[in-house]
Every structure is written in structure tokens, then in C-alpha cells.
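*Asks:* Supplied in C-alpha cells, the structure appears directly below.
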Amino acid sequence: MPRKIVAGNWKMNLNLIEGIELVQKINTTDTDVNVSIMVFPPSLFVNGIKEVNSEKVQVGVQNFHSEEKGAFTGEVSISQVKSVGGTIGLIGHSERRELFNESNETLKLKVDAAIQNDFGFIFCCGESLGIREAGTEIEFVKNQLEKSLFHLEADQIKDGIIAYEPIWAIGTGRTASSEQAEDMHREIRKMLVDEYDTETAGSISILYGGSCKPGNAKELFACPNVDGGLIGGAALDATSFCAIIDSFK
Ligand code: PEP
């Protein structure tokens, strides 16, 4: 069975004090013990968040560079993230792809760096509104996975996490319906079966992201192939984030 996961992507929001308060509230709220909880603060805050964190919340980064070290002004490497207690990173969030021109090839290098450094990852994929309206979203997502992820061996990908995030639903308040989410998640699971095998496909959590909130999480998480969520806006408030965590009940 894939792990149930709820992950909060804070993006460029919250200062350190606000982030600490948020994590402290998550730590002290009685949430479903069967759900793995992750937060992705700005990398600058990983150290400070780790200091107040309990084992309950895994802390990661929203981005990292594929190289180990060197002249890459403004970037952080996996070993630097690990040195302050970060254990996982997002790869290929649509904002990184669109605003920072991260290509499938760049993302493949990050996937390889994560594997080589025993660093967890959530690989993000998802189509724009234009692609959805053209009806080519499945081919589009398949191409993203094939170009950056499916070169891994089964034993390398089995602990990875995939987040399906339709761009038209991110931060727009417009969420995919549970049918739309389940249809794509089922397709992704099938791609994993075809590329690897049933056991491998069944071990990989596939998260949904895109305006997931306490009001729609229960219906989304009830879908057989939706193993949790990558949450943006609603992850900035402990009450709504914890309500989403408890939506599996
Ligand atoms: C995200 O950025 O990963 C996201 C899903 O954002 P939101 O929940 O705000 O749509």
C-alpha cells in the first residue's frame, strides 16, 4: 500500500517566527497517525524549523541544485540541505518549470542527484489549461514522467513520491473534480505498472495538488489512487492543514 501523505508547500510565504508557530501547532494537534506529514518551508528556514520540530513532521525544501557544490550563486545542494536536517525535496513544481525555466532534462539531473544522495523527493507533474482543453493531458504527463523519472530502476523509484498538480488548479481556487483527479492518478499508476511492475507501482504514493482544502480533501482522498495531497495556500494555516490531514478518516 502506498503511504498516505499530506505535504505543505509554503512557497515564498511566512517568516521564520510564523513558520515555527505553524509547525508547533501541527506538532501539538492530535492528527491521524496513519498520515505522513511533510512541510516545505523556504530552504533558509529548514534549520530553524528543525530545531522546534518533533519527529511528527518531515521537513524538506522546495528546490535544490543537482550539483554537489560549486559556483552556482543562489542555489543549495542536497548535502547542504541534509546538513541542516532536511530529508526531502520537491522536484519540478510547475512554478519552477514555468517561472525558472526548469526543463525535463534539468529535472532528470535533480532526480538522479536525489537518488545518489539518498534524499527523498516528490516529483511534480501536471498540465496547463490549454493542454487539458486540447484533451492531451495524459500524453503530456506521461512525457514529463518519461523524460525525467522513468529512467530509474524499480528499486530506485519505489520510495519516490509523485504529485499530480494540474496547473489550472494551482492557487486558482479551481480544483480538479475527484473524477478528474482519480482519472489521472489511475493513468499514472498504470504507467508505473507498464514501466515497472505492480508491486513497484503500488508502493509509490501519488499525491494530488491544486486548491485542495478542508472542504474538498475528503472527497479527493477517498479516490482509490489518490494517496494524499501537496497543499499550497491551505498549508499556511495550522487549522486548515490539520483538517486536511484528518480527511482520510
Ligand atoms: C502547490 O503549489 O503545490 C499547490 C497545490 O498550491 P494550492 O494548494 O495553493 O493550489
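*Asks:* Condition test on Ile244, is it under 20 Å from Leu90 (Cβ atoms), assigned to a helix (DSSP H, G or I) and open to solvent by less than 10 Å² (accessible area, probe 1.4 Å)?
*Replies:* Details: under 20 Å from Leu90 (Cβ atoms): yes; assigned to a helix (DSSP H, G or I): yes; open to solvent by less than 10 Å² (accessible area, probe 1.4 Å): yes.
Answer is yes for this residue.
*Asks:* Looking at region 18-45, which of the residues that are free of Cβ contacts under 8 Å to residues at least 40 places away in the same chain and assigned to a loop (DSSP other than H, G, I, E, B) is nearest to Ala163 (Cα to Cα)?
*Replies:* Pro41
A quick yes/no check of all residues on (1) open to solvent by 70 Å² or more (accessible area, probe 1.4 Å); (2) farther than 19 Å from Gln156 by Cα; (3) modelled with pLDDT of 95 or more:
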| residue | (1), (2), (3) |
| --- | --- |
| Val33 | yes, yes, no |
| Val57 | no, yes, yes |
| Phe72 | yes, yes, yes |
| Glu75 | yes, yes, yes |
| Ile78 | no, no, yes |
| Gly89 | no, no, yes |
| Ser94 | no, yes, yes |
| Thr106 | no, no, yes |
| Leu109 | yes, no, yes |
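*Asks:* Answer with yes or no whether Gly48 is part of a helix (DSSP H, G or I) and within 19 Å of the chain's Cα centre (by Cα). Steps first, answer last, please.
*Replies:* Numbers: part of a helix (DSSP H, G or I): yes; within 19 Å of the chain's Cα centre (by Cα): no.
Answer is no for this residue.
*Asks:* Here's a follow-up. Away from the ligand (no atom under 16 Å from the Cβ), of a type in the set (Val, Ile, Thr) and surrounded by 14 or more Cβ atoms within 10 Å (Cβ to Cβ): is that true of Val141 in this structure?
*Replies:* Details: away from the ligand (no atom under 16 Å from the Cβ): no; of a type in the set (Val, Ile, Thr): yes; surrounded by 14 or more Cβ atoms within 10 Å (Cβ to Cβ): yes.
No; evaluated as a whole, the condition is false for this residue.
*Asks:* Confirm whether Asn15 is of a type outside the set (Asp, Glu) and touching a residue at least 12 places away in the same chain (Cβ under 8 Å). Explain how you work it out, then say what you get.
*Replies:* Numbers: of a type outside the set (Asp, Glu): yes; touching a residue at least 12 places away in the same chain (Cβ under 8 Å): no.
Here the answer is no, as Asn15 does not meet what is asked.
*Asks:* Being open to solvent by less than 20 Å² (accessible area, probe 1.4 Å) and within 18 Å of the chain's Cα centre (by Cα) is the filter; apply it to region 196-208 and report the residue that is farthest from the ligand (Cβ to nearest atom).
*Replies:* Quick first cut of region 196-208, residues open to solvent by less than 20 Å² (accessible area, probe 1.4 Å) only: 200-201, 204-208.
If we keep only those that are within 18 Å of the chain's Cα centre (by Cα) as well, we get 201, 204-208.
Numbers: Ala201: 23, Ile204: 18, Ser205: 15, Ile206: 14, Leu207: 9, Tyr208: 8 Å.
Among residues in region 196-208 that are open to solvent by less than 20 Å² (accessible area, probe 1.4 Å) and within 18 Å of the chain's Cα centre (by Cα), the one farthest from the ligand (Cβ to nearest atom) is Ala201.
*Asks:* Output the number of residues of region 209-243 satisfying the condition of being more than 11 Å from the ligand (Cβ to nearest atom) and either within 18 Å of the chain's Cα centre (by Cα) or not hydroxyl-bearing (Ser, Thr, Tyr) (or both).
*Replies:* Restricting attention to region 209-243, the residues satisfying the condition of being more than 11 Å from the ligand (Cβ to nearest atom) are 214-215, 218-228, 237-239, 242-243.
Filter once more, so that each one left must be either within 18 Å of the chain's Cα centre (by Cα) or not hydroxyl-bearing (Ser, Thr, Tyr) (or both): 214-215, 218-228, 237-238, 242-243.
Residues that pass the stated criteria total 17.
*Asks:* Which numbered condition in (1) more than 18 Å from the chain's Cα centre (by Cα); (2) modelled with pLDDT under 95; (3) over 30 Å from Ile17 (Cα atoms) is the only one that Gly173 fails?
*Replies:* (3)
*Asks:* Are there any pairs, at least 6 apart or on different chains, whose C-beta atoms fall under 8 Å, with the first in region 205-223 and over 26 Å from Val193 (Cβ atoms) and the second within 13 Å of the ligand (Cβ to nearest atom) and among the charged types (D, E, K, R), and if so, which?
*Replies:* Partner pairs satisfying both residue conditions: Ser211/Arg174.
*Asks:* I would also like to ask the following. Can you confirm whether region 222-231 contains a residue that is within 28 Å of Ser148 (Cβ to Cβ), open to solvent by 60 Å² or more (accessible area, probe 1.4 Å) and either modelled with pLDDT of 95 or more or part of a loop (DSSP other than H, G, I, E, B) (or both)? Outline the logic, then answer.
*Replies:* Going through region 222-231, the residues within 28 Å of Ser148 (Cβ to Cβ) turn out to be 223-231.
Next cut, open to solvent by 60 Å² or more (accessible area, probe 1.4 Å) only: 224.
When the remaining residues are screened for being either modelled with pLDDT of 95 or more or part of a loop (DSSP other than H, G, I, E, B) (or both), the result is 224.
Within region 222-231, one or more residues are within 28 Å of Ser148 (Cβ to Cβ), open to solvent by 60 Å² or more (accessible area, probe 1.4 Å) and either modelled with pLDDT of 95 or more or part of a loop (DSSP other than H, G, I, E, B) (or both).
*Asks:* Mind listing just one residue for me: the one in region 155-173 that is open to solvent by less than 30 Å² (accessible area, probe 1.4 Å) and of a type in the set (Gly, Ala, Ser) and, of those, nearest to Ser203 (Cα to Cα)?
*Replies:* Filtering first and then ranking leaves Gly160.
*Asks:* Here is a further query. Look through region 193-214, keep the residues that are of a type in the set (Ser, Thr, Tyr) and not in a loop (DSSP other than H, G, I, E, B), and return whichever of them is nearest to Ala238 (Cα to Cα).
*Replies:* Here is the first cut: in region 193-214, the ones of a type in the set (Ser, Thr, Tyr) are 196, 198, 200, 203, 205, 208, 211.
Subset that is not in a loop (DSSP other than H, G, I, E, B): 198, 200, 203, 205, 208.
Values: Thr198: 36, Thr200: 33, Ser203: 29, Ser205: 23, Tyr208: 19 Å.
The selected residue is Tyr208.
*Asks:* Please go through region 165-191 and give me each residue that is free of Cβ contacts under 8 Å to residues at least 24 places away in the same chain and more than 16 Å from the ligand (Cβ to nearest atom), ordered by number.
*Replies:* Going residue by residue through region 165-191, those that are free of Cβ contacts under 8 Å to residues at least 24 places away in the same chain are 177, 179-180, 183, 190.
Residues satisfying the conditions are Glu179, Asp183, Lys190.
*Asks:* What's the total number of residues in region 185-194 that are open to solvent by less than 40 Å² (accessible area, probe 1.4 Å) and farther than 15 Å from Phe221 by Cβ? Can you show your working first?
*Replies:* Looking only at region 185-194, we keep the residues that are open to solvent by less than 40 Å² (accessible area, probe 1.4 Å), and these are 185, 188-189, 191-192.
Add one more test, that the residue is farther than 15 Å from Phe221 by Cβ, and what stays is 188-189, 191-192.
Result for region 185-194: 4.
The values are calculated or read from the model by the stated rules, or taken from the named source; none is laboratory data. Keep in mind that what you see is a predicted model, and the values were worked out from it rather than measured. Here the Cβ is made from the backbone with ideal geometry for all residues, glycine too, and neighbour counts use every protein chain on show. SASA here: full protein model, heavy atoms, side chains in, ligands and nucleic acids out. Shrake-Rupley method; radii C 1.70, N 1.55, O 1.52, S 1.80 Å.
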